[in-house]
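Q: Attaching a single structure in structure tokens format; questions to follow.
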Amino acid sequence: MSRARPLLTAERMRAAEQAAIDGGTSVEQLMERAGAALAEAAFRFAGPLPTLILCGPGNNGGDGYVSARHLAARGVQVRVAALEDSQSNAAKWARSEWAGDVEALSDETKSAPLLIVALFGTGLKRGLDTTINQRLLRLFDEAMIRVACDVPSGAASDSGACLSDVPQFDLTVTFGALKPAHRLYPAMHRCGRVVLADIGIDGSSDWHEIAAPRFPVLEPGGHKYSRGLVHALAGKMPGAIALAAKAAAHSGAGYVRVSTSRPIDGLPSAIVQIDTAEVNDERIGCLLVGPGLGDIPQVLTLALTSHAPKVIDADGITYLGDPERLKGQDAIITPHEGEFKRLFGDIGGTKPERALKAAHRSGAVVVFKGPDTLVASPDGRLGFAPPAPAWLATAGTGDVLSGMIAALRARGMPAFEAASAGVWLHGRAAELAGPGMIADDLAEAIPAAIADL
Ligand SMILES: NC(=O)C1=CN([C@@H]2O[C@H](COP(=O)(O)OP(=O)(O)OC[C@H]3O[C@@H](n4cnc5c(N)ncnc54)[C@H](O)[C@@H]3O)[C@@H](O)[C@H]2O)[C@H](O)CC1
Ligand SMILES: [K+]
């Protein structure tokens, strides 16, 4: 299982930095490691291209000065342009250690094939002033390869908002831990490839980027129930639950059963259709309700009488009405922004904060979908999905995801892990299915995504 990379907010990053300093590491040592890592990653990524480094007034700029020195030491032609004088002692030290000239960033500044931007990082307080941003964008256009130091300048580290026009970088080199901006929309799409450099601080966190899951092994002596029975409750629109059921089957559920008042055609024969919904069948590994439910809230009410683990999606979320109805339900809910708002109302804060508040309030694992999907657990764990293909935004992909999560839950994965694994596989299957995919192709691409693990 690839190591799940931790994420820290700016405040927790500073606390981790302070802990390292209390432990005897100086700020300058941290900055030296950050700048050296930035130089190393940029050099590996771009090669010995003539370089221009833009340095801001704070420690982000400090990292820039250190990287200039390390690149020059490798024989790279390096120029530095500064926004203004360095403010912090560490940044002043880094600037004093740079033997070369420091130009003033102006309309006359010439760009270079490799542009490293170290203007602002986690200390960004507002969007870049227009003149500065115009200069940045011009230099950016004239460069071939663009690298961001820690966070793309102009992106708000904790929320992922772009406070000014943030260009699209090729590489972002960050230190100690990922930042939410690397995995939240829209900033995440401006970062390019994100390299996380270890600079000797303890970046451990209960927030992680969701990594490729480790699958429950299949017992040779297993049978269809031990591999997990998914029981899906059909509603008004059978097509959606059929998609979800197919996805559950392709995700390795031992047995998928759909209770429906009338036969659903187009379902593979491996998926059993029954007209009674005994939701308290002890053999049920996971109930699935919501896809295609339509205006039959009593089906949701029936599902809530079951003690089985359950995945509640789409209209099922809307009909809940009160999040407290999920207390003690062993539930995973998979809302997109609209369903989230309808159920939880206007919870303020960043998307991570909202997701965690919702998980805490409902007692459920919350898969907060979007171009940046988060998986929040009531115990405070938070998973950030790696960037998923934009073509996932098409009808039915939500139904597929709910079926995948139900299957992994039925196979015995705990709720938070099953939801995280489902989100990861969903993105991976979409990559394999390609840009022309429709939801049915996505379901069919699941086995290849699993085989890839
Ligand atoms: N945390 C760590 O473990 C390490 C962090 N490093 C680097 O330090 C920066 C954060 O540095 P900081 O000095 O706190 O802030 P910035 O450099 O991001 O911002 C500089 C400074 O600029 C002012 N400012 C903010 N926004 C604007 C604006 N729009 N226009 C003008 N001026 C602005 C504000 O006063 C800020 O204080 C982090 O990103 C890392 O790169 C360490 O070097 C390595 C360890
Ligand atoms: K930056």
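The values are calculated or read from the model by the stated rules, or taken from the named source; none is laboratory data. None of the values given here were measured: they were computed from a predicted structure. We place every Cβ from the backbone using ideal geometry, glycine too, and count neighbours over all the protein chains shown. These accessible areas exclude ligands, DNA and RNA; they are computed on the full protein's heavy atoms, side chains included. Shrake-Rupley method; radii C 1.70, N 1.55, O 1.52, S 1.80 Å.
Q: For the stretch 274-296, name all the residues that are within 19 Å of ARG262 (Cβ to Cβ), free of Cβ contacts under 8 Å to residues at least 24 places away in the same chain and not in a strand (DSSP E or B).
A: ASP275, THR276, GLU278
Q: Among the candidates ALA34, ALA4, ALA68, which residue alone is within 16 Å of ligand 2 (Cβ to nearest atom), within 27 Å of the chain's Cα centre (by Cα) and within 22 Å of GLY176 (Cα to Cα)?
A: Exactly one residue qualifies, and that residue is ALA34.
Q: If you don't mind, there's one more thing I want to ask. Being open to solvent by 20 Å² or more (accessible area, probe 1.4 Å), in a loop (DSSP other than H, G, I, E, B) and over 21 Å from ALA41 (Cα atoms): is that true of ARG126 here? Can you show your working first?
A: Details: open to solvent by 20 Å² or more (accessible area, probe 1.4 Å): yes; in a loop (DSSP other than H, G, I, E, B): yes; over 21 Å from ALA41 (Cα atoms): yes.
Yes: the conditions hold for ARG126.
Q: Same structure, new question: For the stretch 44-88, enumerate the residues that are assigned to a helix (DSSP H, G or I) and more than 21 Å from GLN29 (Cβ to Cβ).
A: Of everything in the stretch 44-88, those that are assigned to a helix (DSSP H, G or I) and more than 21 Å from GLN29 (Cβ to Cβ) turn out to be ARG44, PHE45, ALA46.
Q: Hey, another quick one. Regarding PHE45, is this residue within 15 Å of ligand 1 (Cβ to nearest atom) and either in contact (Cβ under 8 Å) with a residue 40 or more places away in the chain or open to solvent by 10 Å² or more (accessible area, probe 1.4 Å) (or both)?
A: Numbers: within 15 Å of ligand 1 (Cβ to nearest atom): no; either in contact (Cβ under 8 Å) with a residue 40 or more places away in the chain or open to solvent by 10 Å² or more (accessible area, probe 1.4 Å) (or both): yes.
It is false that PHE45 is within 15 Å of ligand 1 (Cβ to nearest atom) and either in contact (Cβ under 8 Å) with a residue 40 or more places away in the chain or open to solvent by 10 Å² or more (accessible area, probe 1.4 Å) (or both).
Q: For LEU115, all conditions in the list (1) within 11 Å of ligand 1 (Cβ to nearest atom); (2) aliphatic (A, V, I, L, M); (3) within 27 Å of LEU8 (Cα to Cα) hold save one; what is the number of the exception?
A: Of the numbered conditions (1) within 11 Å of ligand 1 (Cβ to nearest atom); (2) aliphatic (A, V, I, L, M); (3) within 27 Å of LEU8 (Cα to Cα), the odd one out for LEU115 is (1).
Residue-wise test of (1) touching a Pro at 6+ places or on another chain (Cβ under 6 Å); (2) over 16 Å from PRO335 (Cβ atoms); (3) surrounded by fewer than 16 Cβ atoms within 10 Å (Cβ to Cβ).
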| position | (1), (2), (3) |
| --- | --- |
| ASP265 | no, yes, yes |
| VAL279 | no, yes, no |
| ILE284 | no, yes, no |
| PRO291 | no, no, no |
| PRO309 | no, yes, no |
| ALA314 | yes, no, no |
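Q: Considering the stretch 369-385 alone, what residues qualify as being crowded, with 18+ Cβ neighbours inside 10 Å, of a type outside the set (A, V, I, L, M) and not in a strand (DSSP E or B)?
A: LYS369, ASP372, THR373, SER377, PRO378, ARG381
Q: Within the stretch 414-443, restricting attention to residues that are open to solvent by 20 Å² or more (accessible area, probe 1.4 Å) and closer than 15 Å to CYS286 by Cβ, which residue is farthest from the chain's Cα centre (by Cα)?
A: Ranking the qualifying residues of the stretch 414-443, first place goes to PRO414.
Q: Output the residues belonging to the stretch 16-42 that are closer than 26 Å to LYS351 by Cβ and either more than 9 Å from ligand 1 (Cβ to nearest atom) or open to solvent by less than 30 Å² (accessible area, probe 1.4 Å) (or both).
A: Result: ALA16, single match.
Q: A follow-up question, please. Step by step: first the residues of the stretch 134-157, then only those that are open to solvent by 40 Å² or more (accessible area, probe 1.4 Å) and within 15 Å of ligand 2 (Cβ to nearest atom), then the one that is farthest from ILE201 (Cα to Cα). Which residue is that?
A: The selected residue is ARG135.
Q: Does the stretch 377-396 contain any residue that is free of Cβ contacts under 8 Å to residues at least 60 places away in the same chain, in contact with a helix residue (DSSP H, G or I) (Cβ under 6 Å, 6 or more places away or on another chain) and within 24 Å of PRO323 (Cβ to Cβ)?
A: Checked the stretch 377-396: at least one residue is free of Cβ contacts under 8 Å to residues at least 60 places away in the same chain, in contact with a helix residue (DSSP H, G or I) (Cβ under 6 Å, 6 or more places away or on another chain) and within 24 Å of PRO323 (Cβ to Cβ).
Q: Next up: Give the residue that is farthest from GLY396 (Cα to Cα), with candidates limited to residues of the stretch 295-307 that are out of contact with any helix residue (DSSP H, G or I) (no Cβ under 6 Å at 6 or more places or on another chain) and open to solvent by less than 10 Å² (accessible area, probe 1.4 Å).
A: If we filter the stretch 295-307 for residues that are out of contact with any helix residue (DSSP H, G or I) (no Cβ under 6 Å at 6 or more places or on another chain), which is where we start, we get 295-296, 298-299, 301-307.
From what is left, the residues that are open to solvent by less than 10 Å² (accessible area, probe 1.4 Å) are 303, 306.
On the way: ALA303: 22, SER306: 26 Å.
It comes out as SER306.
Q: Looking at ALA112, ALA118, ALA90 in this structure, which one is of a type in the set (A, V, I, L, M), under 30 Å from TRP207 (Cα atoms), touching a residue at least 60 places away in the same chain (Cβ under 8 Å) and away from ligand 2 (no atom under 15 Å from the Cβ)?
A: Details: ALA112 fails: under 30 Å from TRP207 (Cα atoms); ALA118 fails: away from ligand 2 (no atom under 15 Å from the Cβ).
Residue meeting the stated conditions: ALA90.
Q: Which residue pairs have Cβ atoms closer than 8 Å, lie 6 or more positions apart in sequence or on different chains, and pair a first residue in the stretch 218-232 that is open to solvent by less than 60 Å² (accessible area, probe 1.4 Å) and at pLDDT 90 or above with a second residue that is among the aliphatic types (A, V, I, L, M) and assigned to a loop (DSSP other than H, G, I, E, B)?
A: These pairs meet every condition: GLY228/ALA253; LEU229/ALA253; VAL230/ALA253; HIS231/ALA277; HIS231/VAL279; HIS231/ALA308.
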